[in-house]
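K.L.:
A single structure is presented below for examination.
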Amino acid sequence: MTRADAFVRVALLTLLSLLTTHSALAASCDNDDLESKSDDGSYLIMSSGSVYEVLPGDEIESELWLPPADVVMCSRSVTVQGHQYLVYDIINKDENEKVSAMKRR
């Protein structure tokens with residue numbers, strides 16, 4: 001990870017922590033199924049083939065998720081230093097828990 005990537009990640013985490021204190025409008029939501037995940041919960045692989053990288057601090061939730069699980073992914077746009085990013089709130093309907101992630105594929 002480059003220094004710029006680390007800065008963007010920290011900036012996103014800071015912004016996300018501010019956004020989670022207020023209700024945010026989701027741009028769109030889609031249903032999917034959690035097919036598998038990394039052992040530490042940092043990557044979630046959906047049955048659609050989409051791969052999400054869970055934002056630091058949220059892996060504590062997704063680490064315990066058991067596939068297969070029904071999930072809903074809601075995207076929202078976040079601007080950091082003039083750059084827009086899509087952040088996904090992934091809600092595990094089986095566990096009633098939410099993590100935030102970036103779509104990697």
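K.L.:
Would you work out which of 55, 102, 81 lies farthest towards the positive end of the dipole of the range 27-103? Charges go on Cβ: Lys and Arg +1, Asp and Glu -1.
P.N.:
81
K.L.:
What residues qualify as long-range amide H neighbours of residue 97, i.e. H under 5 Å apart, gap of 5 or more or another chain, H built at 1.01 Å from N?
P.N.:
The list, which skips near neighbours in sequence, is 92.
K.L.:
From the phi of every residue in the range 92-97, what ³J(HN,Hα) in whole Hz does the Karplus formula 6.51 cos²θ - 1.76 cosθ + 1.60 yield, where θ is phi - 60° and glycine or proline is x?
P.N.:
For the range 92-97, the Karplus curve yields 7, 5, 6, 9, 6, 10 Hz.
K.L.:
A further question follows. Can you run phi through the Karplus equation (6.51, -1.76, 1.60; θ = phi - 60°) for the range 47-53 and list ³J(HN,Hα) in whole Hz, with x for Gly and Pro?
P.N.:
Going residue by residue, I get 5, 6, x, 5, 10, 10, 9 Hz, with x marking Gly and Pro.
K.L.:
What size of dipole, in debye to the nearest 20, comes out for the range 27-103 about its Cα centre when the only charges are +1 on Lys and Arg C-beta atoms and -1 on Asp and Glu C-beta atoms? Don't skip to the end; give the middle numbers.
P.N.:
Details: 5 positive and 16 negative charges, 86 e Å.
Roughly 420 debye for the range 27-103.
K.L.:
Provide the per-residue ³J(HN,Hα) series for the range 35-41, in order, calculated from phi with Karplus coefficients 6.51, -1.76, 1.60 and θ = phi - 60°, each as a whole number of Hz, with x at glycine and proline positions.
P.N.:
These are the phi-based 3J(HN,Hα) values: 8, 7, 8, 6, 4, 8, x Hz.
K.L.:
Peptides 45-51, 70-76: what's the order by average Cβ count within 10 Å, highest mean first? Mind showing how you got there, number by number?
P.N.:
Working: 45-51: 14.9, 70-76: 17.4.
Per-residue mean Cβ counts within 10 Å order the peptides as 70-76, 45-51.
K.L.:
Send over the semi-axes of the range 27-103's equivalent ellipsoid, whole angstrom and largest first, taken as the square roots of 5 times the C-alpha gyration tensor eigenvalues.
P.N.:
On the way: eigenvalues 82, 36, 22 Å².
So the three semi-axes of the range 27-103 are 20, 13, 11 Å.
A short reminder: the numbers here are calculations on the coordinates, not readings from a lab. In this text the structure is predicted, and so the values were computed from the model without any measurement. As a convention, Cβ positions derive from the backbone with ideal geometry for all residues, glycine included, and neighbour counts pool all protein chains shown.
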